[in-house]
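Q: This is the structure I have questions about; it appears just below.
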Ligand SMILES: CC(C)(COP(=O)(O)OP(=O)(O)OC[C@H]1O[C@@H](n2cnc3c(N)ncnc32)[C@H](O)[C@@H]1OP(=O)(O)O)[C@@H](O)C(=O)NCCC(=O)NCCS
């Protein structure tokens with residue numbers, strides 16, 4: 001998986017994931033406006049882009065049949081597979097947060113329905129926490145529906161605790177929101193726990209490439 005900042009050309013795909021994940025939420029997020037918002041940080045997870053058949057190394061299975069020299073070439077000339085800007089790779093999930101003063105507030109997090117339970121949600125949350133740390137937030141906080149135990153499990157796994165309740169917070173059905181918050185994310189203890197979670201995620205799901213700073217900007 002590859003995590004990077006959301007770009008304008010991603011908006012159409014992100015809107016689809018957003019509608020699928022939050023069909024009753026009104027008004028829907030205006031992602032074009034969020035990308036202009038200096039407080040906002042939006043990221044997407046994509047599959048690492050594969051090379052067109054003619055331009056890169058062949059898959060190991062087919063190289064094997066070509067003999068020793070071909071295998072040596074592949075070992076000594078590994079090709080880095082980087083998604084090019086403006087590409088059309090499928091987006092597996094997105095997340096957004098606002099950082100205000102020293103508090104990072106998760107606005108939304110969603111993975112594409114057909115990619116759920118494959119570690120995408122965790123990657124999004126890890127990247128959001130990483131961004132919050134880099135931008136000197138002290139804590140990460142969010143609201144989650146009382147009925148959304150799936151998301152609550154994800155947040156609990158990453159050290160969020162229930163810290164409050166907002167009565168009738170959701171406009172569609174007046175459902176209450178649980179407020180969930182991390183401890184201080186700058187501590188060595190929190191960082192070490194996050195590092196271990198990342199390692200264990202990579203062992204389970206493979207390497208993840210994080211490229212989350214805004215290009216050409218301190219943000
Ligand atoms: C919540 C959501 C982002 C999780 O995404 P995902 O890609 O499926 O998550 P992952 O595969 O990384 O799972 C990570 C953890 O989330 C929890 N989780 C995910 N799916 C779950 C399920 N169906 N039941 C229970 N726990 C679940 C588990 O703790 C899981 O860790 P585990 O595999 O060790 O049990 C996804 O279900 C989603 O987009 N839901 C709709 C939008 C939404 O509710 N967003 C949150 C708004 S506050």
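Q: Taking residue 144 as meeting all but one of (1) over 17 Å from residue 197 (Cβ atoms); (2) touching a residue at least 40 places away in the same chain (Cβ under 8 Å); (3) within 12 Å of the ligand (Cβ to nearest atom), write down the number of the exception.
A: (2)
Q: Enumerate the helices (runs of 4 or more DSSP H) found wholly within the range 101-219, keeping only those where 2 or more residues are surrounded by fewer than 16 Cβ atoms within 10 Å (Cβ to Cβ). Talk me through it step by step, then tell me what you get.
A: Values: elements: 120-134, 149-157, 188-205.
Counting at least 2 such residues, we get 149-157, 188-205.
Q: Now a separate question. Do we find that residue 53 is assigned to a loop (DSSP other than H, G, I, E, B), loosely packed, with under 12 Cβ neighbours inside 10 Å and at pLDDT below 95 in this structure? Steps first, answer last, please.
A: Values: assigned to a loop (DSSP other than H, G, I, E, B): yes; loosely packed, with under 12 Cβ neighbours inside 10 Å: yes; at pLDDT below 95: yes.
Here the answer is yes, as residue 53 does meet what is asked.
The values are calculated or read from the model by the stated rules, or taken from the named source; none is laboratory data. Everything numeric here is computed off the predicted structure, so don't read it as measured data. A quick note on method: Cβ atoms are made from the backbone with ideal geometry, for glycine too, and the neighbour counts reach across all protein chains shown.
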